[in-house]
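What follows is a short report on a single structure.
Any read-out appearing in this document is the output of simple, stated calculations on the displayed coordinates, not a laboratory observation. No experiment lies behind these values; they were computed from the predicted model shown. Positions of Cβ are backbone-derived with ideal geometry, glycine not excepted, and every protein chain shown enters the neighbour counts.
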Amino acid sequence: MGVAPWVKVFSWRFWRKTAPLLFLICGLGFVRWSKGVFFSDAYAFITRPFWPGNAQRDWIQDGNQIELRTRIGLLEQDNQRLREMLLLDKSSGLNVTSAPVISRSPNGWWQQLELGKGRQNGIKIGNPVIGPGGLVGIVESTTPITSRVRLLTSPGSKIGVWVSRTKQHGLLLGIGTNRPQLHFLDKDTKALTGDVVSTSPASILLPPNLPVGVIQSLDTEVLLAPKASVQLTASPEAIDWVQVQIN
């Protein structure tokens, strides 16, 4: 007995409608089971002709070599700088200790920095902090293992300085930028652009004649006394190690 024609037509229509759905379900199940590995391999095979060629690979290798040489150069510079600081500790005759800069706040970049040494290393409030080239600030507070330094560029910072060439004294005031202002005490100043500024011999808070900076510009139109813009010889924005002079 044969199958009725209408049964054959129904079976063919049924599989015609359900086959795509079954194929989709099976495909999704396969993707879930294989975690998409088949598709990633297929994508890699199809896109292989468009992968970077030898020239681009050479560019990448050259870039890596340049980065490696740059890192080696920076490490050599840091090594040399640290060696010089250690030699200065031994030969300067000053009672100093080297300390790393461990933290700086972006909001207070010109105001303070944190050192990785504190009272356990003999550091006290008021100790001068010296960077490569000159004075950068004064210890403001301490903990047993850290210290906070108030920079010369911090608003409200005030120290006594003088121009050694003319023997004229003044006050160096921080204004929150990389160049503090020098306010002379005398109306008739003989200072010139390029004169060296150092700590005043009359100061009782800081050792005398520590290098501070160089006069960049003068304003002689001020009514009371002239003032000048001073470029610090130790740039506080680039300091990662300092020396603290211990009393």
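Of Asp240, Asp219, the sequence from fewest to most neighbouring Cβ atoms within 10 angstrom is Asp219, Asp240.
Considering only the other residues whose Cβ falls under 15 Å of the Cβ of Lys187, what net charge follows from Lys and Arg at +1 and Asp and Glu at -1?
After counting each charged neighbour, the total is -2.
How charged is the neighbourhood of Val163? Take every other residue with its Cβ under 12 Å from the Cβ of Val163, and add Lys/Arg as +1 and Asp/Glu as -1. Its environment carries a net charge of +1.
What ranking do Val101, Val161 get, fewest neighbouring Cβ atoms within 10 angstrom at the top?
Working: Val101 18, Val161 26.
Lowest to highest Cβ neighbour count: Val101, Val161.
Note that segment 140-154 has calculated 3J(HN,Hα) couplings of 9, 7, 9, 10, x, 10, 9, 9, 10, 10, 8, 6, 5, 8, 5 Hz, one per residue in order, obtained from phi through the Karplus relation 6.51 cos²θ - 1.76 cosθ + 1.60 (θ = phi - 60°); glycine and proline are x.
Where Lys and Arg each count +1 and Asp and Glu each count -1, what net charge lies around Ser141 among other residues with Cβ under 14 Å from its Cβ?
Details: positive: Lys117, Arg119, Lys124, Arg148, Arg150; negative: Glu114, Glu140.
Every neighbour counted, the sum reads +3.
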